[in-house]
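Below: the structure, in structure tokens.
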Amino acid sequence: MLTHPIPTPPIPANRIGLILLALFINLTATHTAPAQADRTMPSEKTPLDINALPTLTLHDDARDKDIPLRVTYPTLGDHLPVIIWCHGALGSKDGYQPLIKPWAQAGFIVIQPTFGDSVSLMTPEERRKHGSLVNMVNSPQVLGEWDDRPKDVKCVLDNLDRVVSQIDGLKDRADLSRIGVGGHSFGAHTTMLIAGMTLNVLRQSISYPDDRPTAFMAISPNGTTRSLNKESFSHFGSKPLLFVTGDHDGSPIKGQENKTGTWRREAFDLAPQGPISLLWVNDAHHNFGGITGPAPWPGAGPRNNDQLQCVIDLTTAFWQAQLKNDDQAKKALTPESVKAKYPQTAHIENKQ
């Protein structure tokens with residue numbers, strides 16, 4: 001069942017709730033991506049006009065669960081590939097607009113689920129109970145969603161036809177044979193499970209591989225942990241996969257506080273040979289200069305327009321190369337091209 005609109009959760013009067021809402025859910029989503037005129041990638045065309053359906057609810061009958069969705073899409077164009085984007089812990093469907101808008105302007109339908117760990121779904125009492133952002137992100141309520149997140153993505157994949165049918169004329173313009181799945185931080189973990197990563201939980205190997213996506217993107221991926229060993233990353237298939245991290249890309253999870261990009265790049269280093277790439281952003285923190293939006297939060301790092309624009313450009317090029325078979329975009333992602341365009345900002349490595 002698909003319905004809209006969904007009710008907006010009440011805004012708490014307490015200061016912690018207000019700060020959390022401002023930092024993570026970006027419900028108004030009024031900010032815009034930085035101008036791209038001076039950073040045009042070879043594969044980019046004139047940005048398309050875009051629109052969004054911000055309040056759509058997908059009901060999973062099997063789990064009797066509602067999944068809030070936001071759909072951003074070009075107002076014109078045909079044969080539009082689909083990207084399913086997974087937010088980080090505490091986030092929501094309304095974040096990451098600095099990435100989502102350029103992707104839609106480049107000709108993609110972007111679907112953003114809100115997962116069960118979102119602060120937007122918590123009651124004021126639940127927010128107050130945690131007391132701090134660190135406590136909240138490390139709570140069983142949040143971390144325990146690791147198992148439901150990939151099931152939510154699979155539900156969206158199962159119902160793509162119904163989702164795009166909710167927007168007049170979009171069903172006839174969508175190409176549901178070309179699907180990308182990506183995410184940031186906890187969303188990268190979700191993405192990697194869909195791409196074939198295995199978790200070792202209670203001596204059992206758990207994964208949620210899905211053959212329907214044709215490309216994957218993991219920004220701030222996990223390295224090895226108690227439940228992720230070296231073999232966990234050996235099961236990625238033959239589908240293109242882009243990892244993104246940087247020098248100061250840290251983690252708020254207890255036991256991982258001292259981890260940075262060197263740890264996160266283990267997902268790339270331990271992956272098998274294949275169409276797998278790593279975009280390393282020099283001096284980048286967990287927010288890569290602002291990918292989640294304009295509001296700062298602990299561990300986000302400073303605003304950096306060069307880093308942000310680099311990530312916008314090269315992630316857009318990745319989707320264009322893999323979901324549109326764009327030769328200019330493929331060329332833009334070569335190590336030589338990235339070095340020439342971003343000599344001080346980033347470099348790219350390939351497994352193939």
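Since every read-out is calculated from the coordinates, none of them should be taken as a lab result. Keep in mind the model is a prediction, meaning the values are calculated, not measured. Backbone-built Cβ (ideal geometry, glycine too); neighbour counts: all protein chains shown.
Working ranking of peptides 330-339, 79-88 by packing, defined as the average number of other Cβ atoms within 10 Å per residue, highest first, is 79-88, 330-339.
Which order do the peptides 248-255, 182-189 come out in when sorted by mean C-beta neighbours inside 10 angstrom, highest first? Walk me through the numbers on the way to the answer.
Numbers: 248-255: 17.8, 182-189: 27.4.
The peptides rank, most packed first, as 182-189, 248-255.
The ellipsoid that matches the Cα gyration tensor of region 2-350 has semi-axes, each √(5λ) in whole angstrom, of 27, 24, 21, with the longest given first. For the residue pairs K154/K239; K259/K351; K93/K330; K171/K324, the C-alpha atoms sit more than 26 angstrom apart in K93/K330.
For region 220-282, what does the alpha-carbon gyration tensor say about shape, rounded, prolate or oblate, given a ≥ b ≥ c as the root eigenvalues, a/c under 1.5 as rounded, and a/b over b/c as prolate? Walk me through the numbers before you get to the answer.
Values: a/c = 2.83, a/b = 1.35, b/c = 2.10.
Oblate, because a/c is 1.5 or more while a/b does not exceed b/c.
In order along region 284-290, the Karplus-derived 3J(HN,Hα) couplings, from 6.51 cos²θ - 1.76 cosθ + 1.60 at θ = phi - 60°, round to 6, 9, 5, 9, 6, x, x Hz, and Gly and Pro are given as x. Counting only DSSP beta bridges whose two residues both lie in region 2-350, roughly 50 percent are antiparallel. In plain terms, if you count all Cα to Cα distances in region 180-310 and split them into 5 Å steps from zero, the share in each step is 2, 11, 21, 24, 19, 13, 7, 2, 0 percent.
Normalised by the number of residues in the chain, the average gap of Cα pairs under 8 Å and 6 or more apart makes the relative contact order 16 percent.
What distance in nm separates the two pseudo spin-label positions at R203 and T57, each 7 Å out from Cα along the beta-carbon direction? Going from the R203 label point to the T57 one covers 4.3 nm. Taking 17 Å as the cut-off, the amide N atoms of region 247-290 that come nearer than this to a point 7 Å along the Cα-to-beta-carbon line of E231 belong to 270-272. Residue by residue, region 116-123 carries 3J(HN,Hα) couplings of x, 7, 5, 5, 5, 9, 7, 7 Hz when phi is fed to the Karplus relation 6.51 cos²θ - 1.76 cosθ + 1.60 (θ = phi - 60°); x denotes Gly or Pro.
Report the far tail of the P(r) of region 40-165, meaning the percent of Cα-Cα pairs longer than 17 Å.
Here the tail beyond 17 Å accounts for 60 percent of pairs.
Distances between placed amide hydrogens fall under 5 Å for M217 paired with V181, G182, G183, L242, all partners being 5 or more residues away or on another chain. Taking every DSSP helix (H) stretch of at least 4 residues in the chain, weighting each as -39,500 (n - 2.57) and dividing the sum by the residue count yields a mean residue ellipticity at 222 nm of -7000 deg cm²/dmol. Under the rule a/c < 1.5 gives rounded, and otherwise a/b versus b/c splits prolate from oblate, where does region 238-352 land using the Cα gyration tensor? Since a/c reaches 1.5 but b/c is at least a/b, the shape of region 238-352 is classed as oblate.
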